[in-house]
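Novice: My structure is below; once you've seen it, I'll send some questions.
The numbers here are math on the coordinates, done by the rules we state, and not lab data. Just so it is clear, the model here is predicted, and its values are computed rather than measured. Because the Cβ atoms are built from the backbone with ideal geometry, glycine has one as well, and the counts that use them run over all protein chains shown.
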Amino acid sequence: MGIITSIGRCLVTLLNIFFLIVSLVLTAAGVIAFYASDISFIKTVEEKVREALKSMASATNSSTDGINDFSITEFMDGIGMALIISGCFLLILSFFGCCGASCKFRTLIFIYALIITVLLLAEIIVVIVLYAAPDTIKGSIKDGLLESLKGYKGIGSSDASTLGWLFVMQEMKCCGVNGYEDFGYTHTDDWKTPGGVTDPLTAPLVCCIAEPAGFTMTATACARSGTLAINTQGCFDAVWNQILGNTKLAVIVYVVAFLFQSLLIIFSYLMYVDGKKKGNKVYPKA
């Protein structure tokens, strides 16, 4: 048992040193996300989307003022904060694991094992709900997205929510949350008659597979009932499939993560019991 505990102590220490480095990387990435406007890659993506939307706006005689205001960085603050919080949490957790294992502090080991256990149980519950009753999670996410989509105003708007949807639909080649029918619940009908378009559209022009060449009935036929030629996939499914579409890979990741965390819990428990037998703590030699 002593040899197993020693091996576990070394393993937990080394792994938490690695996690400590990862936590610093996540925190740094979060800070960088707040200054994304200075990153060349972000600038390139922004310019690409801006030019595509400008071309469509010009073809339909719509204003490009709102498109000029488009910036991905407006939506990066939330991501940056999430990365910083995740990094700080992992930093504290890895500190408990590393110091608890290397310095044999039973209290830190106990806290570390408790947190890992709670996280593991939470992950199991999420995975069960995710695959046994996916509509529970999907439904709540879709409700939030549909509420956001209600503020959609169309090409030429400077509204942050509208610009965000234009970006997603342009990049992901999707339409609405579930499909173009979602736009029937928007607060305004501005998107139906953008620029020089006089006859109301059935779907937003950004959903068209091919960019409209003008604002005549013929040019905008792709966004009209009877002649619809749009991306039919909803943006929720497009993004969901990108993240969780590969079921086999997801299962492998879940199984590895489960086994990995289980080992950490077992080794932490062994170290805790071992420390209890030998005394509360053993300080490292100077």
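Novice: With a 10 Å Cβ neighbour count serving as the proxy for reagent exposure, in which order, fewest first, do Lys104, Lys142 appear?
Specialist: Lys142, Lys104
Novice: At 222 nm, what helix-only mean residue ellipticity would the chain give, in deg cm²/dmol to the nearest 500, using -39500 (n - 2.57) for each DSSP H run of four or more?
Specialist: -22000 deg cm²/dmol, from helical runs alone.
Novice: Compute the length gained on full extension between Val126 and Ser58: take 0.36 nm times their separation in residues and subtract their Cα-Cα distance, giving the result in nm to one decimal.
Specialist: Working it through step by step, the gained length comes to 19.9 nm.
Novice: How far apart, in nm, are two points set 7 Å out from the Cα along the Cα-to-Cβ line at Asp199 and at Val25?
Specialist: 5.6 nm
Novice: Report, ordered by chain and residue number, the aspartates and glutamates lying within cross-link reach of Lys104, taken as a straight Cα distance under 16 Å and ignoring same-chain residues fewer than 8 apart.
Specialist: Here the aspartates and glutamates satisfying the reach criterion relative to Lys104 are Asp274.
Novice: Hey, can you grab everything whose amide H is under 5 Å from the amide H of Ile230? Only 5+ residues off in sequence or another chain; H modelled, so Pro and N-termini drop out.
Specialist: The answer is Ile209.
Novice: Still on this structure, please answer the following. Convert each backbone phi in the range 170-180 into a coupling constant with the Karplus relation 6.51 cos²θ - 1.76 cosθ + 1.60 (shift: θ = phi - 60°), then list the ³J(HN,Hα) values in order as whole Hz, x for Gly and Pro.
Specialist: With coefficients 6.51, -1.76 and 1.60, one gets 5, 7, 8, 6, 10, 8, x, 7, 9, x, 5 Hz.
Novice: Moving on. Assuming R0 = 45 Å, can you tell me the calculated FRET efficiency for the pair Ser262 and Ala210, based on Cβ-Cβ distance, to the nearest 0.05?
Specialist: 0.30
Novice: I would also like to ask the following. What are the residues whose amide H is under 5 Å from the amide H of Ser63, where those residues sit 5 or more places off or on another chain and H is modelled from the backbone?
Specialist: When sequence neighbours closer than 5 places are left aside, the close amide H contacts are Gly195.
Novice: Follow-up question, since we're still on this one. Would you look at the GNM of the chain, springs on alpha carbons closer than 10 Å, and say which of Pro212, Pro200, Pro134 moves the most?
Specialist: Most flexible of the set in this elastic network: Pro134.
Novice: Now for a separate question. Isolated Cys in the chain by the 4.7 Å beta carbon test?
Specialist: Cys10, Cys88, Cys98, Cys99, Cys103
Novice: Where the eigenvalues come from the Cα gyration tensor of the chain, what are the semi-axes √(5λ) of the equivalent ellipsoid, largest first, in whole Å?
Specialist: 53, 20, 13
Novice: Could I ask something else about it? Size of the dipole of the chain about the Cα centre, Lys and Arg at +1 and Asp and Glu at -1 on the beta carbon, nothing else charged, in debye to 20?
Specialist: Taking the Cα centre of the chain as origin, the dipole is about 1960 debye.
Novice: Sticking with this one: Using the 10 angstrom Cβ neighbour count as an exposure proxy, how do Val118, Val127, Val12 rank, fewest first?
Specialist: Neighbour counts put them in this order, fewest first: Val118, Val127, Val12.
Novice: Take Phe19, Phe105 and order them by how many other Cβ atoms sit within 10 Å, fewest up front.
Specialist: The fewest-first ordering by Cβ neighbours comes to Phe19, Phe105.
Novice: Right, here's the next one. With 21 Å as the limit, write out which pairs from Lys54/Lys153; Lys43/Lys192; Lys43/Lys138; Lys142/Lys173; Lys54/Lys192; Lys48/Lys142 have Cα-Cα distances beyond it, or answer none.
Specialist: From the list (Lys54/Lys153; Lys43/Lys192; Lys43/Lys138; Lys142/Lys173; Lys54/Lys192; Lys48/Lys142), the Cα-Cα distance tops 21 Å for Lys43/Lys192; Lys43/Lys138; Lys48/Lys142.
Novice: If packing is taken as the average number of other Cβ atoms within 10 Å across a peptide's residues, how do 83-94, 155-166 rank, most packed first?
Specialist: 155-166, 83-94
Novice: May I ask for the net charge around Gln242, where only other residues with Cβ less than 15 Å from the Cβ of Gln242 are counted and Lys, Arg are +1 while Asp, Glu are -1?
Specialist: Here the count lands on 0.
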